[in-house]
Amino acid sequence: MFSNKLKVFLSAALAASLLFSFGGCGNKAMIESLQDEIDELEDENKELKKANESLQDEVDELRDMLDIDPTPTEKPSTKDSEGKKVGISLPTKDLQRWNQDGDLLKKGLEENGYEVDLQYAGNAVDVQLAQIEAMVNSGCDVLIVACIDATCLGTALEEAKDAGITVIAYDRLIMDTDAVDYYVTFDNYMVGVIQAEYVVEALDLDSTKGPYYVEFTAGDPSNFSAVLFFNGAMDVLKPYIDSGKVVVASGQVDFDAVATEVWSTDNAQARAENIAAAFYSDGTDIDAWICSNDSTALGVTNGLENYYSGSWPIITGQDCDIINVKNILNGKQAMSVFKDTRTLAEQTVRMVTQILNGEDVDINDTSTYNNGKKVVPAYLCMPVFCDENNYQAVLIDSGYYTEADLY
């Protein structure tokens, strides 16, 4: 449909043409009629212009009220998340923390518009390998992997790399492959430091004579994080061991000797029972037992309840599992290092979004985590400890648990 301005132009052109054609014929009446029509159209066009200006003023007022940019540079694009898929492979559903991690990751990614394939491998390496291969073949754009065995995923991840898929090692560093792009975790060395420093302060090692008897239970030997937990704790306590102020009656002070396959509560319990029966049945008190996480702490607690009759030791843990927090409140476990999985999941979701949007990815450690093939850029979240004195603020007031969860 022609605009009014165009109509006026065409009418004027027509009139001029007619004037030119008929001027010589003296058809004055026809010319005057056409001129009147042009004048009417021009008047109509002026009125429309006034109406348009008035409408534009109203639009400008509304823009000012809503703080809208009147001259957007480009039309908003469709969501970057459309058609993007993220695969998540986690070790097991047997531990509370992995269920929480999975739920938080899936929810966060789906809220950002991504399709999510969440799988648990039942602590079976071959199952995790098959799950990752299926995720690669299904067209995932990013893989988030918390490995069961840090050294056994190379082949599957090479397939991911060849397919152009970005791989994020989640909480556990994947070793011996250059197909890992990023590592997101807590400062796992600091976890062990926090546990040991808690014991140092609780026993007042710097101001008292001793000796104090301490034992260690570490995590899975195939897990790089387990080594960091143990090293952090041992680096704090070794000077006291060397001076004789701290005694490890079992003599088990090497990681391999104190490691617990698949973080098993049953395995930790069996070992604790053996140590209690062999080294503490004479009435010697155990003053502290450094356990790298809550599942092993639970095993040690169970084992000591069965085979130990001395004064109850300081028992450390990690993850703040509900049953362990209940043990803290009941005096069976002294503390647990709290690694807020909400923080870890939120950071991971942020990194996935940055990757898929082609943005710079958040990292705060570029030198520490060498997996044998490359130094993997990492983002480290900070852990804190939780005990009977601060659990309310750390766990309940923060919304991580409710009172009903713990009582």
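The values are calculated or read from the model by the stated rules, or taken from the named source; none is laboratory data. Computed from a prediction, not measured in an experiment: that's the story for all the values here. So basically every Cβ, Gly included, is an ideal-geometry build from the backbone, and we count neighbours across all protein chains shown.
Output the residues belonging to segment 321-344 that are of a type outside the set (S, T, N, Q) and more than 17 Å from SER225 (Cβ to Cβ). Full working, then the answer.
To start, the set of residues in segment 321-344 that are of a type outside the set (S, T, N, Q) comprises 321-323, 325-326, 328-329, 331-332, 334-335, 337-340, 342, 344.
Hits for segment 321-344 are ILE322, ILE323, VAL325, LYS326, ILE328, LEU329, GLY331, LYS332, ALA334, MET335, ARG342.
So for segment 374-381 (the condition being over 19 Å from the mean Cα position of the chain (by Cα) and farther than 17 Å from TYR170 by Cα), does at least one residue qualify?
Keep residues of segment 374-381 that are over 19 Å from the mean Cα position of the chain (by Cα), which gives 374-375.
Still in the running and farther than 17 Å from TYR170 by Cα: none.
No, every residue in segment 374-381 fails to be over 19 Å from the mean Cα position of the chain (by Cα) and farther than 17 Å from TYR170 by Cα.
Could you please let me know if THR296 is in contact (Cβ under 8 Å) with a residue 40 or more places away in the chain and either of a type in the set (Ser, Thr, Tyr) or crowded, with 24+ Cβ neighbours inside 10 Å (or both)? Can you show your working first?
Numbers: in contact (Cβ under 8 Å) with a residue 40 or more places away in the chain: yes; either of a type in the set (Ser, Thr, Tyr) or crowded, with 24+ Cβ neighbours inside 10 Å (or both): yes.
Yes: the conditions hold for THR296.
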Residues of segment 362-385 being buried (at least 18 other Cβ atoms within 10 Å of the Cβ) and either farther than 30 Å from GLU111 by Cα or among the small types (Gly, Ala, Ser) (or both), in sequence order, are TYR369, ASN371, ALA378, PHE385
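Can you go through ALA169, ALA196 and tell me which one is outside the structural domain of ILE355 (by TED's automatic domain parsing) and either buried (at least 21 other Cβ atoms within 10 Å of the Cβ) or within 14 Å of the chain's Cα centre (by Cα) (or both)?
Working: ALA169 fails: outside the structural domain of ILE355 (by TED's automatic domain parsing).
Only one candidate qualifies: ALA196.
Just checking, which of GLU388, GLU359 is acidic (Asp, Glu), more than 15 Å from VAL167 (Cα to Cα) and surrounded by fewer than 13 Cβ atoms within 10 Å (Cβ to Cβ)?
Values: GLU388 fails: surrounded by fewer than 13 Cβ atoms within 10 Å (Cβ to Cβ).
Checking each option against the conditions leaves just GLU359.
Residue by residue, here is whether (1) more than 30 Å from ASP204 (Cβ to Cβ); (2) assigned to a loop (DSSP other than H, G, I, E, B); (3) touching a helix residue (DSSP H, G or I) at 6+ places or on another chain (Cβ under 6 Å) holds:
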{"position": "GLY310", "(1), (2), (3)": "no, yes, no"}
{"position": "GLN333", "(1), (2), (3)": "no, yes, yes"}
{"position": "THR343", "(1), (2), (3)": "yes, no, no"}
{"position": "VAL352", "(1), (2), (3)": "yes, no, no"}
{"position": "GLU359", "(1), (2), (3)": "yes, yes, no"}
{"position": "THR368", "(1), (2), (3)": "yes, yes, no"}
{"position": "TYR401", "(1), (2), (3)": "yes, yes, yes"}
